[in-house]
Every structure is written in structure tokens, then in C-alpha cells.
Amino acid sequence: MTSSLPIPGGAPSVHFMDAYTHLSTRSSRGSGQSQPYGSRETYSDFRKPGYHLATRIDFIMIATEGGESKKGKGGWEVSRFGVVDNWIEDAVDGWKGRWSDHRLVRATLKRTD
């Protein structure tokens, strides 16, 4: 994800990679990276678990070294990524439902150099 236009002042455009895609394409047994965990979909529309029209609309983007680079700017890479569900069914007051129509998205980054 990038712009073909330079940043004002003539500097090159900044390139970004999606943390989920970055980790899921690099993860394999013995690589030291885990597969993404939790749901792939981040938007739940306040629906109960199992809603099949949920979609992925929340992202964690990381600046890259540029071009098609798979390396995060400054030597950072994604080591874990997850989507945490927010369905509550055992609240003290008996309430059942979602806190939000967006699930929590989290990533752990590590420095490689």
C-alpha cells in the first residue's frame, strides 16, 4: 500500500504492509513466527458468534523499507498477530452481547537488527 506521489517536499512516498498478511505469508513451522490467531474477520456488526457475513476492515499497518520489501522500516517485523473476540455471555448482571461491532486487533512486533 503506497502512493505514487511523493510526500510534500519531494521525499519518496512511504510504503506500508498489513501485519496480518505479513505474518501469515511468512509463518511456517520452525520459523519462529506464529500463525495469526483468533478470527480473521474484525467487523461483527454486533451479531452473535457464527455470523457469516462478518468481514475484515481493521488493520495494523507497518511502514516498510520501500517497494515490495517485506521488511519493516527500522528492522521491525511482526512476530504475533491476533483478533480477539468481544462476545460477552457471563456478565455479572446477566447481560449478553458485544462490547463493540469491531473486534480487538493486536500485533506483537520484534526488532530484527
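Looking only at segment 52-72, which residues are touching a helix residue (DSSP H, G or I) at 6+ places or on another chain (Cβ under 9 Å) and aliphatic (A, V, I, L, M)?
If we filter segment 52-72 for residues that are touching a helix residue (DSSP H, G or I) at 6+ places or on another chain (Cβ under 9 Å), which is where we start, we get 56, 59-66, 70, 72.
Correct list: ILE60, MET61, ILE62, ALA63.
Take segment 86-113 and flag every residue that is farther than 17 Å from GLN35 by Cα and charged (D, E, K, R).
Residues satisfying the conditions are GLU89, ASP90, ASP93, LYS96, ARG98, ASP101, ARG103, ARG111, ASP113.
Among what's in segment 68-80 and is among the small types (Gly, Ala, Ser) and at negative phi, pick the residue that is modelled with the lowest pLDDT.
Going through the qualifying residues, I end up with SER69.
Among (1) under 17 Å from HIS15 (Cβ atoms); (2) under 19 Å from the mean Cα position of the chain (by Cα), which single condition is ASN86 missing?
For ASN86, the exception is condition (1).
Listed here are the residues, each with its yes/no results for (1) among the hydrophobic types (A, V, I, L, M, F, W, C); (2) at pLDDT 90 or above.
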| site | (1), (2) |
| --- | --- |
| MET17 | yes, no |
| GLY30 | no, no |
| ARG40 | no, no |
| ASP58 | no, yes |
| GLY66 | no, no |
| GLY82 | no, yes |
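With segment 9-113 as the region, which strands (runs of 3 or more DSSP E) entirely inside it contain at least 1 residues that are without any contact (Cβ under 8 Å) to a residue 60 or more places away in the chain and not aliphatic (A, V, I, L, M)? Steps first, answer last, please.
Details: elements: 16-18, 61-63, 76-84, 104-111.
The qualifying strands (runs of 3 or more DSSP E) are 16-18, 76-84, 104-111.
Please enumerate the residues belonging to segment 42-56 that are at negative phi and either surrounded by 11 or more Cβ atoms within 10 Å (Cβ to Cβ) or at pLDDT 80 or above (or both). Show your work before the answer.
Taking segment 42-56 and keeping what is at negative phi, we get 42-44, 47-49, 51-56.
Once the filter is applied, which keeps residues that are at negative phi and either surrounded by 11 or more Cβ atoms within 10 Å (Cβ to Cβ) or at pLDDT 80 or above (or both), segment 42-56 yields THR42, TYR43, SER44, ARG47, LYS48, PRO49, TYR51, ALA54, THR55, ARG56.
Take segment 73-100 and flag every residue that is out of contact with any helix residue (DSSP H, G or I) (no Cβ under 8 Å at 6 or more places or on another chain) and within 25 Å of ILE7 (Cα to Cα).
LYS73, GLY74, GLY75, TRP76
The values are calculated or read from the model by the stated rules, or taken from the named source; none is laboratory data. What you see is a predicted model; the values in this text were computed from it and never measured. No Cβ is skipped: glycine too gets one built from the backbone with ideal geometry, and neighbour counts run over all protein chains shown.
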